[in-house]
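The values are calculated or read from the model by the stated rules, or taken from the named source; none is laboratory data. Please read all numbers here as calculations on a predicted model, not as lab measurements. Counting neighbours? That spans all protein chains shown, and the Cβs are built from the backbone with ideal geometry, glycine included. The accessibility values were calculated without ligands, DNA or RNA, using every heavy atom of the protein model including side chains. Shrake-Rupley method; radii C 1.70, N 1.55, O 1.52, S 1.80 Å.
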Amino acid sequence: MRHPVHAHLTTLNDVRCFMEHHVFAVWDFMSLVKSLQQRLTCTAVPWVPRGDAVARRLMNEIVLGEESDDASMVEGGYASHFDLYRASMRECGARTASIDAFIERVGAGGPVAASLLAVNAPRPSQDFVRRTFDILATDSLPRIAAAFTLGREDIIPDMFVRLVAGLSAEHGGVLSGFHDYLERHIRLDGERHGPMAARLLSSICGDDATAWEEASRGAVLALEARLALWDGVVAAVEARSR
């Protein structure tokens with residue numbers, strides 16, 4: 001919350017730079033979501049009941065909101081938070097060529113790390129995504145659940161949301177979509193998904209001290225990765241302003 005990245009984002013170009021990095025974190029968050037859904041619910045055919053009913057309910061409700069949220073501004077009225085983010089990038093003139101090419105490559109079966117390199121994704125974003133997939137590769141449910149629960153977008157402070165609103169008004173509303181995304185996502189996390197995720201993590205770890213140690217490690221890894229991403233954004237913003 002106290003990271004200097006937010007104080008560095010004072011112009012429209014700064015926010016564009018932020019979004020061009022951050023969009024990869026928005027994308028890889030969905031891989032955490034789907035990994036938990038696979039582990040806590042049955043996504044195979046034939047279907048069989050799997051796991052705790054409360055965990056299934058919590059996970060499926062989170063997936064519903066993250067993957068197909070109400071979105072009156074898009075055709076059909078529903079969109080993933082990732083799609084809303086990309087739409088807000090296009091609205092404000094941020095470059096989407098790298099993330100669009102990445103999605104195309106991964107959608108065609110390309111390996112994540114190789115696809116990041118191939119599309120020349122920002123290096124801090126590449127490192128962030130690799131760290132997320134390192135957590136996924138541990139196959140540790142407590143680690144993955146903790147990274148999901150504690151590495152979320154509600155760690156973006158209110159001051160940044162107010163800054164985006166001010167810049168949007170100054171530039172004819174070009175950041176209105178991004179501002180709406182931030183407000184919607186942070187409110188949903190704070191009021192609904194955050195408490196649900198915390199409850200989910202508690203149900204996964206229970207009274208198992210080893211599980212809580214794994215969860216603690218996952219949380220630290222996720223937050224360290226986020227700090228490194230913010231460091232990279234600061235460096236990129238400063239480099240653009242020279």
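Couple of notes before you dig in:
- Residue within the stretch 25-37 that is over 17 Å from the mean Cα position of the chain (by Cα), over 20 Å from Ala121 (Cα atoms) and not polar (S, T, N, Q) present: no
- The set of residues in the stretch 207-220 that are open to solvent by 40 Å² or more (accessible area, probe 1.4 Å) and either among the hydrophobic types (A, V, I, L, M, F, W, C) or in a helix (DSSP H, G or I) (or both) comprises Ala209, Thr210, Trp212, Glu213, Glu214, Ser216, Arg217, Val220.
- The set of residues in the stretch 172-201 that are charged (D, E, K, R) and under 17 Å from Val26 (Cα atoms) comprises Asp180, Glu183, Arg184, Arg187, Asp189.
- Lone qualifier among Leu201, Leu223 - being in contact with a helix residue (DSSP H, G or I) (Cβ under 9 Å, 6 or more places away or on another chain), part of a helix (DSSP H, G or I) and crowded, with 20+ Cβ neighbours inside 10 Å: Leu201
- Test: residue in the stretch 143-153 that is open to solvent by 20 Å² or more (accessible area, probe 1.4 Å), part of a helix (DSSP H, G or I), more than 30 Å from Asp208 (Cβ to Cβ) and not β-branched (Val, Ile, Thr): no
- Taking the criterion of being modelled with pLDDT under 90 and surrounded by fewer than 16 Cβ atoms within 10 Å (Cβ to Cβ), the only residue of the stretch 5-43 that qualifies is Ala7.
- Test: residue in the stretch 198-208 that is at pLDDT below 95 and closer than 27 Å to Arg162 by Cβ: yes
- Tallying residues that are out of contact with any Phe, Trp or Tyr (no Cβ under 8 Å at 6 or more places or on another chain), more than 17 Å from Ser216 (Cβ to Cβ) and in a helix (DSSP H, G or I) within the stretch 119-131 yields 4.
- For first residues located in the stretch 27-43 and without any contact (Cβ under 8 Å) to a residue 40 or more places away in the chain, partners that are outside any helix (DSSP H, G or I) and among the β-branched types (Val, Ile, Thr) and lie 6+ apart or on another chain with Cβ distances below 8 Å form the pairs Gln37/Thr43; Cys42/Val48.
- Looking across Arg56, Arg39, Arg50, one residue alone is touching a Cys at 6+ places or on another chain (Cβ under 9 Å), of a type in the set (D, E, K, R) and part of a helix (DSSP H, G or I). It is Arg56.
- Look at the stretch 169-193: where a residue is within 16 Å of Ala71 (Cβ to Cβ) and surrounded by 14 or more Cβ atoms within 10 Å (Cβ to Cβ) and a partner is modelled with pLDDT of 80 or more and among the charged types (D, E, K, R), sitting 6+ places away or on another chain with Cβ atoms under 7 Å, you get Gly177/Glu91.
- Looking across the stretch 79-103 at every residue that is touching a helix residue (DSSP H, G or I) at 6+ places or on another chain (Cβ under 9 Å) and open to solvent by 60 Å² or more (accessible area, probe 1.4 Å), the one that is farthest from Phe24 (Cα to Cα) is identified as Glu91.
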